[in-house]
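Here the structure comes first, spelled out in C-alpha cells, and everything after it is commentary.
Bear in mind these aren't lab numbers, they're just calculated from the coordinates by the rules spelled out. As the structure is a computational prediction, the values presented were derived from the model and not from experiment. With ideal geometry, Cβ positions are generated from the backbone for all residues, glycine too; neighbour counts draw on all protein chains shown.
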Amino acid sequence: MTGASCAIITGNSIMIVSIGVDIVEIDRIAERVAAVESRFRKRIFTAGEIAYCESRAAKAASYAARFAAKEATMKALGTGWAAGVGWQDIEVVNDAAGAPSLKLIGRALERFQAIGARRAFLSLSHSKDAAIAQVIFED
C-alpha cells in the first residue's frame, strides 16, 4: 500500500507532494523489541532511536511510534518497504524541545528528492494500545 499523493495549489506553487499515515498495535512491537538481543530492533531502528526509546518510561510506545513513522514515510515515498528503501534509511530524531522529525539517508533521501519534496513533517501520537504517525512531504 502506498501513501496518498496530492497537490494543494496556491497561486503557482504546489505545497504538498505526498502524505503517508500508519498505525500499529503497541503490544505487537513490544513483543518484537523485548529481547535484549532483538534482531528486529537492530534491523529496524538506528542506534539513536534505540537509545532514545530505551531512555523512555513508555519504551514500547516509543518504539511503536517510530515504527509507524518509518512505515508512513515509506508510504509517502511511494516505495513501501520492498522497493530498496531500508528501515535505517529513515530515522526519527527529536529536537531539544522533544518534537520529532525525520532524517533521511540513502535510497530514502534519493526518493524524497526524486518526487520533488524539500520539507518533511512528522506527527506521532499513541494511546494505551496503538501508535500512529503521519508524514507530509512538501515541495
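Once you've got the GNM for the chain with C-alpha springs shorter than 10 Å, pick whichever of ALA64, ALA34, ALA117 has the biggest mean-square fluctuation.
ALA34
Rounded to the nearest 20 debye, what is the charge dipole size of the chain about its Cα centre when +1 sits on each Lys and Arg Cβ and -1 on each Asp and Glu Cβ?
Details: 17 positive and 15 negative charges, 45 e Å.
Charge dipole of the chain: 220 debye, to the nearest 20.
Hey, what did the stretch 9-138 get for relative contact order, percent, Cα under 8 Å, at least 6 apart?
36 percent
Along each of the three principal axes of the Cα atoms of the chain, give the extent in whole Å, ordering the values from largest to smallest.
So the extents along the principal axes, rounded to whole Å, are 51, 29, 28.
Among residues other than MET15 whose Cβ falls under 12 Å from its Cβ, what is the net charge (Lys/Arg +1, Asp/Glu -1)?
0
Tell me which trypsin sites (Lys or Arg not before Pro) from the stretch 82-137 have a DSSP coil assignment and no more than 11 other beta carbons within 10 Å of their own. All intermediate terms of the calculation are to be shown ahead of the outcome.
On the way: sites: LYS103, ARG107, ARG111, ARG118, ARG119, LYS128; in loops: ARG118, LYS128.
Of the trypsin sites (Lys or Arg not before Pro), the ones in loops of the stretch 82-137 whose Cβ has at most 11 other Cβ atoms within 10 Å are ARG118, LYS128.
What are the ³J(HN,Hα) values, in whole Hz, obtained from phi via the Karplus relation 6.51 cos²θ - 1.76 cosθ + 1.60 with θ = phi - 60°, for each residue of the stretch 116-133 in sequence order, with x given for Gly and Pro?
The phi angles translate into x, 7, 10, 10, 10, 10, 10, 10, 10, 7, 8, 10, 5, 10, 9, 10, 9, 9 Hz.
Please go through the residue pairs LYS75/LYS103; LYS42/LYS128; LYS42/LYS70 and name each one whose alpha carbons sit more than 19 Å apart in this structure. Walk me through the numbers on the way to the answer.
Values: LYS75/LYS103 16 Å; LYS42/LYS128 24 Å; LYS42/LYS70 14 Å.
Where the Cα-Cα span goes over 19 Å, the pairs concerned are LYS42/LYS128.
Per residue of the stretch 72-77, in order, report the coupling 6.51 cos²θ - 1.76 cosθ + 1.60 (Karplus, θ = phi - 60°) as ³J(HN,Hα) in whole Hz, putting x for Gly and Pro.
Result, rounded to whole Hz: 4, 5, 4, 5, 5, 6.
How much of the pair distance distribution for the stretch 49-121 lies past 22 Å, counting alpha-carbon pairs only, in percent? Walk me through the numbers before you get to the answer.
Values: 592 of 2628 pairs.
For the stretch 49-121, the share of Cα pairs beyond 22 Å comes to 23 percent.
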